[in-house]
Amino acid sequence: MNTLTNLLEPFRLGPNLLPNRVVMAPMTRSRAVAPLMLANPLAVDYYGQRSSAGLLITEASQVSQQGQGYQDTPGIYSAEQVAAWRNVTERVHVLGGRIFIQLWHTGRISHTSLQPGGAPPVAPSAIRARSKTFIGGSLADVSEPRALELAEIRLIIDQFKRAALNAREAGFDGVEIHAANGYLLDQFARDGANERQDSYGGSIENRARLMLKVSEAVAGEIGPERTGVRISPVSPANDMSDSNPQSLFEYISKRLNALNLVYLHVIEGVAGGSRDVATFDYASLRKCFSGAYIANNGYDLALGTEALSKDAADLIAFGRPFISNPDLVERLAQRVPLNKWDTATFYGGSAEGYIDYPRLPNRASS
Ligand code: 8OZ
């Protein structure tokens, strides 16, 4: 046995005892089965193969058809979708793992061709993002959105609530609310995308309101000990910006703390890119939240070990390394090289680049 890393220490996350600090980050893989937007049957193997993670977080899953922004992403709003996801949670549990589902509404990052009746996507304000989505097999500009009416906002909170109940019925151990990366809840929060004049726009309190109401509603249904939130305070992806992210996200973190949520999952820097994009004090953010802090973005064995030993995080979420290393935990433990990922098979397709990355040979005597 090689030297142990603190990534292999157990951690209590609400009712779930995680055997290690290694989290599989949520990652869109665009293999859901249309037209019902069911989790692909191969997702049973995909998540099952990765079940030695302390915690698995699924790819983002829309809470309604309106919440879909890309082709071939799974939903969690219909009975058929619940049944498809149940196959995944059962496999992960049989193999001894724990799995949360990430709930999203993409808001303005969508296209009329994905929307009910070909309608415009919805957003806090009618500001089109300079961003692309993936539809009909290719990249396309996102559509011009329309601003949500006040009365419609309650329906979106209900969609998240319903999705959380569905997640429980599908056997998930909890849910992660996707409030990062420029999707609906982040669009409300950051002032580059929100020009509302009502109780959901203007001040930090108002802009944070939707995210907080959704969090409160979800936690009220399935318990705060099974509810986490993901944020990306300074990531510019999907045309996002904010005039004062430190104040905004510290306020949000304090309020999420008051709701007793089980974790705060923070993308540090540009999602999937540089960690050093802007000055942001993550240690100060962390002080606002007493639940678990999951750090994400560009972590490897050395950086993850260092973050845990400095008490800068409780858990470390790994994204792309988990695509190409189903046994990432074992590889980190044994300090052996990781498989390289193939970006060509990240989105869409079938088994290739999904469930065929090699595991280490089993060294235990059989
Ligand atoms: C890559 C492609 C499509 C969606 C995110 C859910 O950025 C995503 C996503 C990533 O959070």
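The values are calculated or read from the model by the stated rules, or taken from the named source; none is laboratory data. Model, not experiment: these values are computed from the prediction. Every residue, glycine among them, receives a Cβ derived from its backbone with ideal geometry; neighbour counts consider all protein chains shown. Remember, those area values only see protein heavy atoms, side chains included, never the ligands or the DNA or RNA. Shrake-Rupley method; radii C 1.70, N 1.55, O 1.52, S 1.80 Å.
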Worksheet item: So Val270 clears everything in (1) out of contact with any Gly (no Cβ under 9 Å at 6 or more places or on another chain); (2) open to solvent by less than 20 Å² (accessible area, probe 1.4 Å); (3) within 16 Å of the ligand (Cβ to nearest atom) except one condition, right? Which one?
Response: (2)
Worksheet item: What number goes with the only condition from (1) more than 16 Å from the ligand (Cβ to nearest atom); (2) within 27 Å of Asp356 (Cβ to Cβ); (3) part of a strand (DSSP E or B) that Asn20 does not pass?
Response: (3)
Worksheet item: Where in the range 92-170 are there strands (runs of 3 or more DSSP E), lying fully within it, with 3 or more residues that are open to solvent by less than 60 Å² (accessible area, probe 1.4 Å)?
Response: 99-104
Worksheet entry | Verdict on Ser247 being more than 29 Å from Ala333 (Cβ to Cβ) and either among the hydroxyl-bearing types (Ser, Thr, Tyr) or part of a strand (DSSP E or B) (or both) | yes
Worksheet item: Which residues, counting only those in the range 218-261, are among the β-branched types (Val, Ile, Thr), crowded, with 24+ Cβ neighbours inside 10 Å and under 15 Å from Ala164 (Cα atoms)?
Response: Val218, Thr227, Val229
Practice prompt. With the condition kept exactly as written, say whether any residue in the range 26-36 is more than 25 Å from Ser138 (Cβ to Cβ) and either open to solvent by 40 Å² or more (accessible area, probe 1.4 Å) or within 16 Å of the ligand (Cβ to nearest atom) (or both).
Written response: no
Worksheet entry | Tally of residues being in contact with a Pro (Cβ under 7 Å, 6 or more places away or on another chain), open to solvent by less than 60 Å² (accessible area, probe 1.4 Å) and more than 18 Å from Pro26 (Cα to Cα) across the range 318-356 | 1
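Per-residue answers, yes or no, for (1) in contact (Cβ under 8 Å) with a residue 60 or more places away in the chain; (2) within 15 Å of the ligand (Cβ to nearest atom):
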{"site": "Glu59", "(1), (2)": "no, yes"}
{"site": "Gln68", "(1), (2)": "no, yes"}
{"site": "Val94", "(1), (2)": "no, no"}
{"site": "His111", "(1), (2)": "no, yes"}
{"site": "Pro121", "(1), (2)": "no, yes"}
{"site": "Ala126", "(1), (2)": "no, no"}
{"site": "Ala129", "(1), (2)": "yes, yes"}
{"site": "Phe134", "(1), (2)": "yes, yes"}
Practice prompt. Collect the residues in the range 330-356 that are touching a residue at least 60 places away in the same chain (Cβ under 8 Å) and over 20 Å from the mean Cα position of the chain (by Cα), keeping them in residue-number order.
Written response: Glu330, Leu332, Ala333, Gln334, Arg335, Gly349, Ser350, Ala351, Ile355
Practice prompt. Pick out the one residue from Ala237, Ala217 that is among the aliphatic types (A, V, I, L, M), assigned to a helix (DSSP H, G or I) and under 19 Å from the mean Cα position of the chain (by Cα).
Written response: Ala217
Discussion item. Please pick out the residue among Ile76, Ile57 that is surrounded by 24 or more Cβ atoms within 10 Å (Cβ to Cβ) and within 25 Å of Leu315 (Cα to Cα).
Written reply: Ile57
Response to the item:
Reported set for the range 171-192 where residues are away from the ligand (no atom under 16 Å from the Cβ) and open to solvent by 10 Å² or more (accessible area, probe 1.4 Å) is Gly171, Phe172, Asp173, Asp191, Gly192
Discussion item. Which count do you get for residues in the range 70-84 that are more than 16 Å from the ligand (Cβ to nearest atom) and under 28 Å from Ala123 (Cα atoms)?
Written reply: 6
Worksheet, complete the sentence: Screening Glu59, Glu90, Glu9 for residues that are within 18 Å of Gly349 (Cα to Cα) and of a type in the set (Asp, Glu) leaves only Glu59
Discussion item. Quick check on the range 204-249: of everything there that is closer than 27 Å to Gly272 by Cβ and acidic (Asp, Glu), which residue is farthest from the ligand (Cβ to nearest atom)?
Written reply: Asp242
